[in-house]
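Below is one structure, written out as structure tokens, with a few remarks after it.
What follows draws every value from the coordinates through simple rules; no lab data is involved. All figures in this text were calculated on a predicted structure; none of them were measured in a lab. In this analysis, Cβ positions are derived from the backbone assuming ideal geometry, glycine residues included, and neighbour counts consider all displayed protein chains.
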Amino acid sequence: EKEVSITKFPADERKIIAKAHDKYKKARAGIINTRHGQIHTPAFMPVGTKGTVKAMLPESVQTTGADIILGNTYHLMLQPGAKRVFKLGGLHKFMNWSKPLLTDSGGFQVMSLSKLRKITEEGVIFNSHIDGSKFMLSPESSTEIQYLLGSTITMAFDECTPYPSTYEQAKSSMELTSRWAKRSRKAFYSRDGYGQFGIIQGSIYNDLRLKSALDLIELDFEGYAIGGLAVGEGQELMFKVLDYAPDLLPINKPRYLMGVGKPADIIGAVQRGIDMFDCVIPTRSGRNGQAFTKYGVVNIRNSKYKEDNTPLEEDCLCPACKNYTKAYLHYLVKVKEILGAMLMTWHNLMYFQKLMLRIREYIAQGKDFDFIS
Ligand SMILES: CNc1nc2cc3c(=O)[nH]c(N)nc3c(CC[C@H]3O[C@@H](OC)[C@H](OC)[C@@H]3OC)c2[nH]1
Ligand SMILES: [Zn+2]
């Protein structure tokens, strides 16, 4: 066991409380110790794709309670370039965020964003969606780029198996991910307080999920992500996979469900043993005028708010709720004022972090947290 490992779930701090009924027994609250500080889990990680959580200052993100934010290999390698970020002191310094950073390995974005790409055993060759120039992402280059960015948690280079996939398609995709995981692990520069997470695939097929987990556990990653979900399969099918997949992974290491999700998805996944989440919903939908509140989602552009002189939530401590009314937010979003995007984003990030805080508290007290959302 490394001296200061990234994934110390300190025994006395790890609270796995057997719940009254088995629905909650897999939920756990813990702390991940890293070189850049602690991550309290279950954790929601705001997406900061291009080295910024859109419309937020890093210090504002910090006030919402976020312990860790995401960056993206694909976007940052194209602009401003990983070597340039390295020369400028790394992503932490560049974006003025001193807490943990997790970077995706880029495969998912290549498939969803780039034009003209070719998957080979070596890696993915693609043309930049910005200027069409040619790039290659491989387990080795993705791992090196994440090192140059200085990310606290590096993701293995995988192939996110599309949904739906036949068993055969899912099998060969998962096997490619296993070969790439081995190369990613070999290319990783292991340092105390930094870690690399493997990403299991296998789509909705339990035997493929098991094989993927076995292949990756052999590589002894500091944490494990469940990939290939939140790709259109729907909540029911996602939960069906989550009813068994987390249990295939080491109980003492963080489990990260990529791309999830809405509050109800997060609660259901925590109940099935997931520790970490990332999703664009609070930021992207905030900019589009959707506010998450305890009364449900508020579409602030709706004309019923144009003279509503009350805050989104009377007891929320975010600037939008403390100092402004729904009428003002309605107006700002309607006329596309930048402050509208800022305030809506701030509120939603605060809402998601409050949700995670309450989930952590309920787990620690051994209380059911079904109805929180
Ligand atoms: C929405 N549903 C969803 N399912 C996903 C499944 C996978 C997967 O199997 N493998 C990989 N490597 N990435 C996945 C991702 C992308 C997450 C990233 O996407 C970016 O958010 C836009 C963000 O990058 C800052 C985040 O970084 C970890 C998924 N997203
Ligand atoms: Zn608020």
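Points worth noting:
- Compactness of region 114-257, expressed as Rg and Dmax over alpha-carbon positions, Å: 15.2, 44
- In the chain, the DSSP beta bridges split such that about 45 percent are antiparallel, to the nearest 5.
- No Cys partner within the rule (Cβ under 4.7 Å), the chain: Cys160, Cys279, Cys318
- Helices in the chain, meaning DSSP H runs of at least 4 residues, each add -39500 (n - 2.57). Divided by all residues, the mean residue ellipticity at 222 nm is -10500 deg cm²/dmol.
- Proximity of backbone amide H atoms, modeled 1.01 Å from N, is registered between Thr293 and Val298 at under 5 Å, excluding neighbours fewer than 5 places apart on the same chain.
- Given charges at Cβ of Lys, Arg, Asp, Glu: the chain dipole, positive-most of Phe292, Asn206, Thr34: Phe292
- Computed from backbone phi, the HN-Hα couplings of region 182-189 come to 4, 5, 5, 5, 5, 7, 6, 8 Hz, rounded to whole numbers (Karplus: 6.51 cos²θ - 1.76 cosθ + 1.60, θ = phi - 60°; Gly and Pro given as x).
- Shown for the chain is the translational diffusion coefficient from the Stokes-Einstein equation, using the Kirkwood radius over Cα pairs, a temperature of 4 °C and a viscosity of 1.567 mPa s: 61 µm²/s.
- The ellipsoid that matches the Cα gyration tensor of region 224-348 has semi-axes, each √(5λ) in whole angstrom, of 35, 13, 12, with the longest given first.
- Taking θ as phi - 60° and the Karplus parameters 6.51, -1.76 and 1.60, the scalar couplings of region 207-222 work out to 6, 6, 4, 5, 4, 4, 5, 4, 4, 7, 5, 4, 8, 6, 5, 6 Hz in sequence order, x denoting glycine and proline.
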